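Below is one structure, written out as C-alpha coordinates; the observations come after it.
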Amino acid sequence: MSNQPPLKTLLPWHESPDPREALRQSDPTVFDIIERERRRQQDHIELIASENYVSEAVLAAMGSVFTNKYAEGLPGARYYGGCEFADQIEQLAIDRAKQLFGAEHANVQPHAGSPANEAAYMAVLKPGDRVLGMKLDHGGHLSHGARFNVSGKTYEFHAYGVERETEMLNYDTIRELALEVRPRMILVGASAYPRKIEFEPLRAIADEVDAILMMDMAHIAGLVAAKLHPDPVPYCDLVTSTTHKTLRGARGGLILSKAELARKVDKAVFPGLQGGPLLHQIAGKAVAFGEALRPEFTAYAQAIIDNMQAMADELKANGLRLVSGGTDNHLVLVDVTPFGIGGGVAEDALGRAGITVNKNLLPYDERKPNDPSGIRLGSPAMTTRGLGVEEFRQMTRWMVEILRAPEDQELGRRIAGEVKAMLTDFPVPA
Ligand code: DSN
(Lines give C-alpha, C1' and ligand atoms only; values in the text may rest on other atoms or scores of the structure.)
Protein backbone atom coordinates (compact mmCIF):
# COMPACT_ATOMS: atom_id res chain seq x y z
CA MET A 1 0.00 0.00 0.00
CA SER A 2 1.30 3.42 -0.87
CA ASN A 3 1.82 5.94 1.92
CA GLN A 4 0.93 8.77 -0.45
CA PRO A 5 -2.09 10.85 0.53
CA PRO A 6 -4.88 10.51 -2.04
CA LEU A 7 -4.58 12.75 -5.07
CA LYS A 8 -7.68 14.70 -4.06
CA THR A 9 -5.79 16.24 -1.15
CA LEU A 10 -2.82 17.23 -3.33
CA LEU A 11 -4.61 18.87 -6.24
CA PRO A 12 -7.88 20.77 -6.20
CA TRP A 13 -10.25 18.09 -7.44
CA HIS A 14 -13.87 18.21 -8.44
CA GLU A 15 -16.38 15.60 -9.36
CA SER A 16 -18.10 17.85 -11.91
CA PRO A 17 -17.25 17.03 -15.52
CA ASP A 18 -17.99 20.70 -16.37
CA PRO A 19 -14.66 22.61 -16.42
CA ARG A 20 -16.40 25.92 -15.67
CA GLU A 21 -18.01 24.46 -12.57
CA ALA A 22 -14.63 23.04 -11.49
CA LEU A 23 -13.07 26.49 -11.84
CA ARG A 24 -15.93 28.12 -9.95
CA GLN A 25 -15.42 25.75 -7.01
CA SER A 26 -11.64 25.81 -7.09
CA ASP A 27 -10.93 29.50 -7.65
CA PRO A 28 -13.98 31.74 -7.41
CA THR A 29 -11.84 34.86 -7.82
CA VAL A 30 -10.55 33.86 -11.24
CA PHE A 31 -13.94 32.44 -12.17
CA ASP A 32 -15.55 35.76 -11.33
CA ILE A 33 -13.11 37.79 -13.45
CA ILE A 34 -13.64 35.44 -16.40
CA GLU A 35 -17.41 35.69 -15.99
CA ARG A 36 -17.20 39.48 -16.01
CA GLU A 37 -15.13 39.34 -19.21
CA ARG A 38 -17.71 36.97 -20.69
CA ARG A 39 -20.43 39.50 -19.82
CA ARG A 40 -18.40 42.37 -21.31
CA GLN A 41 -17.96 40.46 -24.55
CA GLN A 42 -21.68 39.65 -24.67
CA ASP A 43 -22.87 43.21 -23.99
CA HIS A 44 -20.43 45.13 -26.21
CA ILE A 45 -20.18 45.60 -29.94
CA GLU A 46 -16.68 44.47 -30.88
CA LEU A 47 -15.26 46.39 -33.82
CA ILE A 48 -11.52 45.96 -33.23
CA ALA A 49 -10.43 44.75 -36.66
CA SER A 50 -7.95 42.18 -35.31
CA GLU A 51 -10.38 40.49 -32.90
CA ASN A 52 -12.87 37.68 -33.35
CA TYR A 53 -14.74 35.03 -31.37
CA VAL A 54 -13.69 31.39 -31.59
CA SER A 55 -16.24 28.60 -31.81
CA GLU A 56 -17.05 26.48 -28.78
CA ALA A 57 -15.14 23.64 -30.47
CA VAL A 58 -11.98 25.76 -30.74
CA LEU A 59 -12.43 26.90 -27.15
CA ALA A 60 -12.74 23.28 -25.97
CA ALA A 61 -9.59 22.24 -27.85
CA MET A 62 -7.65 25.16 -26.33
CA GLY A 63 -8.78 24.18 -22.84
CA SER A 64 -7.81 20.53 -23.35
CA VAL A 65 -5.25 18.22 -21.68
CA PHE A 66 -2.76 19.02 -24.44
CA THR A 67 -1.80 21.95 -22.21
CA ASN A 68 0.00 19.35 -20.05
CA LYS A 69 2.35 18.08 -22.76
CA TYR A 70 5.87 18.97 -23.82
CA ALA A 71 6.75 18.09 -27.40
CA GLU A 72 9.88 19.95 -28.46
CA GLY A 73 10.68 18.97 -32.01
CA LEU A 74 8.35 18.11 -34.86
CA PRO A 75 5.88 15.26 -35.45
CA GLY A 76 7.88 12.01 -35.54
CA ALA A 77 11.06 13.67 -34.24
CA ARG A 78 10.56 14.80 -30.65
CA TYR A 79 12.84 15.28 -27.68
CA TYR A 80 10.23 13.83 -25.28
CA GLY A 81 8.42 10.52 -24.84
CA GLY A 82 4.66 10.16 -24.88
CA CYS A 83 4.22 12.27 -28.01
CA GLU A 84 2.13 9.87 -30.11
CA PHE A 85 -0.99 12.02 -29.86
CA ALA A 86 0.95 15.26 -29.90
CA ASP A 87 2.31 14.06 -33.23
CA GLN A 88 -1.18 13.33 -34.49
CA ILE A 89 -2.63 16.70 -33.50
CA GLU A 90 0.28 18.72 -34.88
CA GLN A 91 0.41 16.74 -38.14
CA LEU A 92 -3.33 17.25 -38.54
CA ALA A 93 -2.93 21.01 -38.05
CA ILE A 94 -0.05 21.09 -40.55
CA ASP A 95 -1.97 19.08 -43.16
CA ARG A 96 -5.08 21.22 -42.78
CA ALA A 97 -3.09 24.47 -43.00
CA LYS A 98 -1.39 23.27 -46.19
CA GLN A 99 -4.72 22.20 -47.68
CA LEU A 100 -6.47 25.43 -46.70
CA PHE A 101 -3.85 27.69 -48.26
CA GLY A 102 -2.43 25.39 -50.94
CA ALA A 103 0.99 25.73 -49.31
CA GLU A 104 4.00 23.49 -49.85
CA HIS A 105 5.05 23.72 -46.20
CA ALA A 106 3.45 24.82 -42.93
CA ASN A 107 4.83 25.33 -39.43
CA VAL A 108 2.04 25.71 -36.88
CA GLN A 109 4.21 26.22 -33.79
CA PRO A 110 4.72 30.02 -33.60
CA HIS A 111 3.07 31.23 -30.42
CA ALA A 112 1.82 34.44 -32.07
CA GLY A 113 2.21 36.65 -35.13
CA SER A 114 5.34 38.52 -34.01
CA PRO A 115 7.29 35.31 -33.25
CA ALA A 116 6.12 33.93 -36.61
CA ASN A 117 7.63 36.99 -38.30
CA GLU A 118 10.77 36.79 -36.20
CA ALA A 119 11.29 33.14 -37.10
CA ALA A 120 10.62 33.79 -40.78
CA TYR A 121 13.29 36.53 -40.78
CA MET A 122 15.73 34.23 -38.96
CA ALA A 123 15.13 31.52 -41.54
CA VAL A 124 16.40 33.59 -44.46
CA LEU A 125 18.18 36.73 -43.20
CA LYS A 126 21.42 37.54 -41.42
CA PRO A 127 21.58 40.34 -38.83
CA GLY A 128 22.11 43.62 -40.64
CA ASP A 129 20.42 42.48 -43.87
CA ARG A 130 18.29 45.11 -45.58
CA VAL A 131 14.51 44.67 -45.60
CA LEU A 132 11.91 46.87 -47.29
CA GLY A 133 8.64 46.85 -45.34
CA MET A 134 5.58 49.03 -44.81
CA LYS A 135 5.72 52.07 -42.51
CA LEU A 136 4.13 51.51 -39.11
CA ASP A 137 2.29 54.84 -39.28
CA HIS A 138 0.88 54.00 -42.72
CA GLY A 139 -0.62 50.73 -41.49
CA GLY A 140 2.38 48.40 -41.08
CA HIS A 141 3.11 46.37 -37.95
CA LEU A 142 5.67 46.90 -35.21
CA SER A 143 7.31 43.55 -36.01
CA HIS A 144 7.94 44.92 -39.52
CA GLY A 145 11.04 46.83 -38.43
CA ALA A 146 9.90 49.37 -35.84
CA ARG A 147 13.07 50.76 -34.27
CA PHE A 148 11.91 49.75 -30.75
CA ASN A 149 11.14 46.18 -31.89
CA VAL A 150 13.70 43.37 -32.15
CA SER A 151 13.10 43.32 -35.91
CA GLY A 152 14.25 46.93 -36.23
CA LYS A 153 17.21 46.33 -33.94
CA THR A 154 18.39 43.23 -35.84
CA TYR A 155 17.88 44.10 -39.51
CA GLU A 156 18.28 47.28 -41.52
CA PHE A 157 14.68 48.13 -42.32
CA HIS A 158 13.67 50.65 -44.97
CA ALA A 159 10.04 51.62 -45.42
CA TYR A 160 7.51 52.29 -48.13
CA GLY A 161 4.16 53.90 -47.43
CA VAL A 162 0.92 54.72 -49.16
CA GLU A 163 0.63 57.60 -51.63
CA ARG A 164 -0.48 60.91 -50.12
CA GLU A 165 -3.19 61.44 -52.74
CA THR A 166 -4.76 57.99 -52.98
CA GLU A 167 -3.76 56.63 -49.55
CA MET A 168 -3.07 53.36 -51.36
CA LEU A 169 0.06 51.39 -52.20
CA ASN A 170 1.71 52.30 -55.48
CA TYR A 171 3.74 49.43 -56.91
CA ASP A 172 5.82 51.76 -59.11
CA THR A 173 6.93 53.68 -56.00
CA ILE A 174 7.75 50.43 -54.20
CA ARG A 175 9.78 49.33 -57.23
CA GLU A 176 11.74 52.59 -57.26
CA LEU A 177 12.53 52.19 -53.57
CA ALA A 178 13.51 48.56 -54.06
CA LEU A 179 15.90 49.52 -56.85
CA GLU A 180 17.45 52.14 -54.57
CA VAL A 181 17.62 50.08 -51.35
CA ARG A 182 18.41 46.68 -52.93
CA PRO A 183 16.83 44.78 -50.02
CA ARG A 184 17.43 41.11 -49.24
CA MET A 185 13.71 40.89 -48.49
CA ILE A 186 10.57 42.75 -49.51
CA LEU A 187 7.98 42.47 -46.74
CA VAL A 188 4.30 43.09 -47.40
CA GLY A 189 1.26 43.05 -45.12
CA ALA A 190 -0.39 45.49 -42.76
CA SER A 191 -2.47 45.96 -39.66
CA ALA A 192 -4.41 48.92 -40.98
CA TYR A 193 -4.71 48.87 -44.76
CA PRO A 194 -8.25 48.74 -46.15
CA ARG A 195 -7.38 47.80 -49.72
CA LYS A 196 -6.37 44.68 -51.63
CA ILE A 197 -2.69 43.88 -51.97
CA GLU A 198 -1.59 42.58 -55.39
CA PHE A 199 1.19 40.00 -55.38
CA GLU A 200 2.02 39.69 -59.07
CA PRO A 201 3.67 43.13 -59.29
CA LEU A 202 5.41 42.57 -55.96
CA ARG A 203 6.85 39.24 -57.18
CA ALA A 204 8.12 40.99 -60.31
CA ILE A 205 9.83 43.67 -58.18
CA ALA A 206 11.35 41.05 -55.86
CA ASP A 207 12.69 39.12 -58.86
CA GLU A 208 14.12 42.27 -60.42
CA VAL A 209 16.16 43.08 -57.29
CA ASP A 210 16.75 39.43 -56.37
CA ALA A 211 14.91 39.72 -53.05
CA ILE A 212 12.92 37.26 -50.98
CA LEU A 213 9.20 38.13 -50.96
CA MET A 214 7.41 37.72 -47.64
CA MET A 215 3.77 38.47 -46.84
CA ASP A 216 2.35 38.86 -43.33
CA MET A 217 -1.31 38.08 -44.02
CA ALA A 218 -2.41 38.11 -40.35
CA HIS A 219 -5.33 40.48 -40.87
CA ILE A 220 -6.68 38.99 -44.06
CA ALA A 221 -5.89 35.26 -43.66
CA GLY A 222 -9.59 34.36 -43.50
CA LEU A 223 -10.28 36.29 -46.70
CA VAL A 224 -7.33 34.59 -48.40
CA ALA A 225 -8.55 31.16 -47.21
CA ALA A 226 -11.96 31.95 -48.72
CA LYS A 227 -10.34 33.15 -51.99
CA LEU A 228 -11.83 36.61 -51.50
CA HIS A 229 -8.46 38.37 -51.49
CA PRO A 230 -5.58 37.92 -53.97
CA ASP A 231 -3.64 34.85 -52.88
CA PRO A 232 -0.06 35.52 -51.65
CA VAL A 233 0.92 31.85 -51.43
CA PRO A 234 1.81 31.20 -55.09
CA TYR A 235 3.90 34.39 -55.26
CA CYS A 236 5.66 34.66 -51.90
CA ASP A 237 8.60 32.68 -50.56
CA LEU A 238 7.26 33.07 -47.03
CA VAL A 239 3.77 33.82 -45.75
CA THR A 240 3.22 34.44 -42.05
CA SER A 241 -0.04 34.87 -40.21
CA THR A 242 -1.85 34.92 -36.96
CA THR A 243 -4.65 32.39 -36.66
CA HIS A 244 -7.17 34.38 -34.64
CA LYS A 245 -8.22 37.37 -36.73
CA THR A 246 -10.36 36.91 -39.87
CA LEU A 247 -9.28 33.23 -39.76
CA ARG A 248 -11.28 32.94 -36.50
CA GLY A 249 -9.10 30.38 -34.80
CA ALA A 250 -7.11 29.82 -31.64
CA ARG A 251 -4.78 32.70 -30.80
CA GLY A 252 -1.42 31.91 -32.35
CA GLY A 253 0.92 32.13 -35.34
CA LEU A 254 1.60 30.26 -38.56
CA ILE A 255 4.33 30.19 -41.20
CA LEU A 256 3.78 28.91 -44.75
CA SER A 257 6.68 28.54 -47.16
CA LYS A 258 7.96 27.01 -50.33
CA ALA A 259 9.24 23.45 -49.83
CA GLU A 260 12.87 24.46 -50.26
CA LEU A 261 12.64 26.72 -47.20
CA ALA A 262 10.92 24.12 -45.01
CA ARG A 263 13.97 23.03 -43.01
CA LYS A 264 15.19 26.59 -42.48
CA VAL A 265 11.75 27.68 -41.27
CA ASP A 266 11.34 24.73 -38.92
CA LYS A 267 14.82 25.21 -37.44
CA ALA A 268 14.25 28.93 -36.98
CA VAL A 269 11.04 28.30 -34.99
CA PHE A 270 12.61 25.51 -32.89
CA PRO A 271 15.28 25.54 -31.57
CA GLY A 272 16.04 28.99 -33.05
CA LEU A 273 13.37 31.05 -31.33
CA GLN A 274 11.02 28.93 -29.25
CA GLY A 275 11.07 25.91 -26.96
CA GLY A 276 8.09 23.61 -26.58
CA PRO A 277 5.10 24.19 -28.84
CA LEU A 278 1.76 25.05 -27.22
CA LEU A 279 -0.10 21.89 -28.19
CA HIS A 280 -3.44 23.02 -26.76
CA GLN A 281 -3.23 26.04 -29.06
CA ILE A 282 -2.18 23.83 -31.95
CA ALA A 283 -5.25 21.65 -31.26
CA GLY A 284 -7.34 24.83 -31.43
CA LYS A 285 -5.65 25.80 -34.70
CA ALA A 286 -6.40 22.35 -36.15
CA VAL A 287 -10.09 22.75 -35.31
CA ALA A 288 -10.19 26.26 -36.78
CA PHE A 289 -8.45 25.20 -40.00
CA GLY A 290 -11.05 22.41 -40.26
CA GLU A 291 -13.82 25.00 -39.84
CA ALA A 292 -12.25 27.23 -42.49
CA LEU A 293 -12.13 24.30 -44.92
CA ARG A 294 -15.92 23.98 -44.79
CA PRO A 295 -17.97 25.67 -47.53
CA GLU A 296 -19.82 27.84 -44.99
CA PHE A 297 -16.56 29.64 -44.17
CA THR A 298 -16.63 31.23 -47.63
CA ALA A 299 -20.09 32.59 -46.85
CA TYR A 300 -18.74 33.92 -43.53
CA ALA A 301 -15.81 35.66 -45.25
CA GLN A 302 -18.12 37.18 -47.88
CA ALA A 303 -20.36 38.46 -45.08
CA ILE A 304 -17.32 40.10 -43.42
CA ILE A 305 -16.75 42.10 -46.62
CA ASP A 306 -20.44 42.87 -47.25
CA ASN A 307 -20.93 44.07 -43.68
CA MET A 308 -17.88 46.31 -43.81
CA GLN A 309 -19.04 47.71 -47.13
CA ALA A 310 -22.41 48.61 -45.58
CA MET A 311 -20.68 50.28 -42.63
CA ALA A 312 -18.37 52.22 -44.98
CA ASP A 313 -21.31 53.48 -47.07
CA GLU A 314 -23.20 54.60 -43.97
CA LEU A 315 -20.13 56.36 -42.51
CA LYS A 316 -19.59 58.26 -45.75
CA ALA A 317 -23.28 59.14 -46.04
CA ASN A 318 -22.94 60.76 -42.62
CA GLY A 319 -20.02 62.98 -43.56
CA LEU A 320 -17.06 60.95 -42.36
CA ARG A 321 -13.94 60.58 -44.49
CA LEU A 322 -12.52 57.09 -44.99
CA VAL A 323 -8.84 56.56 -45.73
CA SER A 324 -8.50 55.68 -49.44
CA GLY A 325 -12.20 56.49 -49.84
CA GLY A 326 -13.44 53.06 -48.77
CA THR A 327 -12.52 49.42 -48.29
CA ASP A 328 -12.04 46.13 -50.11
CA ASN A 329 -11.65 44.01 -46.99
CA HIS A 330 -12.67 43.67 -43.34
CA LEU A 331 -11.68 47.12 -42.06
CA VAL A 332 -11.96 50.85 -42.52
CA LEU A 333 -9.89 53.71 -41.20
CA VAL A 334 -12.15 56.61 -40.31
CA ASP A 335 -10.98 60.21 -40.09
CA VAL A 336 -13.02 61.61 -37.17
CA THR A 337 -11.54 65.11 -37.31
CA PRO A 338 -14.40 66.48 -39.48
CA PHE A 339 -16.47 66.13 -36.29
CA GLY A 340 -13.96 68.29 -34.39
CA ILE A 341 -12.55 65.43 -32.31
CA GLY A 342 -9.56 63.07 -32.35
CA GLY A 343 -9.38 59.29 -32.24
CA GLY A 344 -8.78 59.18 -28.47
CA VAL A 345 -12.01 61.04 -27.67
CA ALA A 346 -13.87 58.91 -30.24
CA GLU A 347 -12.59 55.63 -28.74
CA ASP A 348 -13.57 56.69 -25.21
CA ALA A 349 -17.01 58.00 -26.14
CA LEU A 350 -17.85 54.90 -28.20
CA GLY A 351 -16.56 52.71 -25.37
CA ARG A 352 -18.98 54.36 -22.93
CA ALA A 353 -21.79 53.49 -25.35
CA GLY A 354 -20.79 49.82 -25.44
CA ILE A 355 -18.94 49.97 -28.77
CA THR A 356 -15.29 48.86 -28.66
CA VAL A 357 -12.92 50.32 -31.27
CA ASN A 358 -9.31 51.48 -31.35
CA LYS A 359 -7.88 54.87 -32.11
CA ASN A 360 -5.49 54.76 -35.06
CA LEU A 361 -2.97 56.97 -36.80
CA LEU A 362 -3.94 57.79 -40.37
CA PRO A 363 -1.36 58.02 -43.16
CA TYR A 364 0.47 61.37 -42.97
CA ASP A 365 -1.28 62.06 -39.64
CA GLU A 366 -0.20 65.30 -38.01
CA ARG A 367 -1.62 64.35 -34.63
CA LYS A 368 0.14 62.22 -31.99
CA PRO A 369 -0.23 58.40 -31.67
CA ASN A 370 -2.04 58.73 -28.30
CA ASP A 371 -4.71 60.96 -29.86
CA PRO A 372 -4.50 60.45 -33.62
CA SER A 373 -6.97 61.57 -36.27
CA GLY A 374 -8.67 58.27 -36.77
CA ILE A 375 -10.29 55.12 -35.53
CA ARG A 376 -10.04 51.65 -37.06
CA LEU A 377 -13.21 49.57 -37.43
CA GLY A 378 -13.43 45.91 -38.41
CA SER A 379 -16.31 43.56 -39.15
CA PRO A 380 -14.98 40.00 -38.43
CA ALA A 381 -16.14 39.66 -34.83
CA MET A 382 -19.69 40.95 -35.19
CA THR A 383 -20.09 38.95 -38.40
CA THR A 384 -19.22 35.83 -36.41
CA ARG A 385 -22.06 36.67 -34.02
CA GLY A 386 -24.46 36.66 -36.95
CA LEU A 387 -25.02 40.37 -37.52
CA GLY A 388 -25.81 41.32 -41.10
CA VAL A 389 -25.90 44.40 -43.27
CA GLU A 390 -28.94 45.91 -41.51
CA GLU A 391 -27.36 45.58 -38.07
CA PHE A 392 -24.09 47.04 -39.39
CA ARG A 393 -26.00 50.05 -40.69
CA GLN A 394 -27.72 50.44 -37.31
CA MET A 395 -24.39 50.18 -35.45
CA THR A 396 -22.96 52.86 -37.72
CA ARG A 397 -25.87 55.20 -37.03
CA TRP A 398 -25.27 54.77 -33.28
CA MET A 399 -21.57 55.52 -33.77
CA VAL A 400 -22.31 58.66 -35.77
CA GLU A 401 -24.71 59.91 -33.06
CA ILE A 402 -22.01 59.40 -30.44
CA LEU A 403 -19.24 60.98 -32.51
CA ARG A 404 -21.41 64.06 -33.06
CA ALA A 405 -21.91 64.48 -29.29
CA PRO A 406 -19.06 62.63 -27.54
CA GLU A 407 -19.57 64.49 -24.24
CA ASP A 408 -23.27 63.61 -23.97
CA GLN A 409 -23.29 61.07 -21.14
CA GLU A 410 -27.05 60.54 -21.32
CA LEU A 411 -26.85 59.69 -25.02
CA GLY A 412 -24.00 57.25 -24.27
CA ARG A 413 -26.09 55.50 -21.61
CA ARG A 414 -29.13 55.29 -23.90
CA ILE A 415 -27.16 53.80 -26.77
CA ALA A 416 -25.32 51.38 -24.44
CA GLY A 417 -28.78 50.10 -23.41
CA GLU A 418 -29.89 49.75 -27.03
CA VAL A 419 -26.64 47.96 -27.91
CA LYS A 420 -27.10 45.50 -25.06
CA ALA A 421 -30.72 44.84 -26.03
CA MET A 422 -29.81 44.15 -29.68
CA LEU A 423 -26.98 41.83 -28.69
CA THR A 424 -29.20 39.52 -26.65
CA ASP A 425 -30.19 37.99 -30.02
CA PHE A 426 -26.52 37.44 -30.96
CA PRO A 427 -24.78 35.43 -28.23
CA VAL A 428 -21.02 35.09 -27.98
CA PRO A 429 -19.96 31.46 -28.47
CA ALA A 430 -18.89 30.30 -24.98
N1 DSN B 1 -2.20 44.15 -32.71
C2 DSN B 1 -2.78 43.62 -33.91
C3 DSN B 1 -3.78 44.56 -34.49
O4 DSN B 1 -4.59 45.05 -33.73
O5 DSN B 1 -3.81 44.78 -35.69
C6 DSN B 1 -1.77 43.25 -34.88
O7 DSN B 1 -0.88 42.37 -34.28
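The values are calculated or read from the model by the stated rules, or taken from the named source; none is laboratory data. Because the structure is predicted, anything quoted here is derived from the model rather than measured. Counting neighbours? That spans all protein chains shown, and the Cβs are built from the backbone with ideal geometry, glycine included. Side chains are part of the model used for accessible areas, which takes the heavy atoms of the whole protein and leaves out ligands, DNA and RNA. Shrake-Rupley method; radii C 1.70, N 1.55, O 1.52, S 1.80 Å.
One Cα centroid belongs to the range 154-216, the other to the range 54-106; the line between them spans 33 Å. The shape of the chain comes out oblate: with a ≥ b ≥ c from the C-alpha gyration tensor, a/c is at least 1.5 while a/b does not beat b/c. Of the GluC sites (Glu not before Pro) found in the range 86-180, those that fall in a DSSP loop while having at most 10 other beta-carbon atoms within 10 Å are 165.
Between 85, 199, 101, the Gaussian network model of the chain with springs among Cα atoms under 10 angstrom shows the greatest mean-square fluctuation at 85. Taking a ≥ b ≥ c as the square roots of the eigenvalues of the Cα gyration tensor, an a/c ratio below 1.5 marks the range 101-244 as rounded. Computed 3J(HN,Hα) for the range 259-269, one whole-Hz value per residue from the Karplus formula 6.51 cos²θ - 1.76 cosθ + 1.60 where θ = phi - 60°, is 4, 5, 9, 4, 5, 5, 5, 4, 5, 5, 5, glycine and proline marked x. Packing here is the average count of other Cβ atoms within 10 Å per residue, and on that basis the peptides 213-221, 42-50, highest first, run 213-221, 42-50.
In this structure the range 84-160 gives 42 Å² per residue of accessible area when probed at 1.4 Å with all protein chains present. Its Cα centre serving as origin, the chain has a Cβ charge dipole (Lys and Arg +1, Asp and Glu -1) of approximately 660 debye.
Charges were assigned to the Cβ only: +1 to each Lys and Arg, -1 to each Asp and Glu. The resulting dipole of the range 126-174 about its Cα centre is roughly 360 debye.
Loop-located trypsin sites (Lys or Arg not before Pro) across the range 194-274 with a Cβ neighbour count of 11 or fewer within 10 Å are 227, with loop assigned by DSSP. For the residue pairs 153/359; 227/368; 227/285; 153/368; 153/264; 69/264, alpha carbon separations beyond 31 Å are given by 227/368. Debye-formula intensities of the range 5-106, expressed as log10 I(q)/I(0) at q = 0.16 Å⁻¹, are -1.03 (one equal scatterer per alpha-carbon, no solvent).
For the chain, modelled as a GNM whose springs connect Cα atoms under 10 angstrom apart, the maximal fluctuation among 53, 171, 80 occurs at 80. Apolar share of the accessible surface for the chain: 52 percent from carbon plus sulfur atoms, 1.4 Å probe.
Take 411-420, 292-301 and order them by the average number of nearby Cβ atoms within 10 Å per residue, most first; the result is 411-420, 292-301.
When the square roots of the Cα gyration tensor eigenvalues are ordered a ≥ b ≥ c, the ratio a/c for the range 86-156 is 1.5 or more and a/b exceeds b/c, which makes its shape prolate. In the chain, helices alone account for a calculated mean residue ellipticity at 222 nm of -13000 deg cm²/dmol, with every DSSP H run of four or more residues adding -39,500 (n - 2.57).
When the chymotrypsin sites (Phe, Trp or Tyr not before Pro) in the range 355-406 are filtered for DSSP coil states and for at most 15 other beta-carbon atoms within 10 Å of their beta-carbon, the remaining sites are 364.
What the range 320-372 shows is 36 Å² of accessible area per residue, with the surface traced by a 1.4 Å probe over protein heavy atoms.
I'd like the antiparallel share, as a percent to the nearest 5, of DSSP beta bridges with both residues in the range 140-273. Among the beta bridges of the range 140-273, antiparallel pairing accounts for roughly 40 percent.
Computed over the alpha-carbon atoms, the range 287-430 gives an Rg to Rh ratio of 0.99, Rh here being the Kirkwood radius from the mean inverse distance. Between residue 321 and 335, the built amide H atoms are under 5 Å apart, and every one of these is 5 or more places off in sequence or on another chain.
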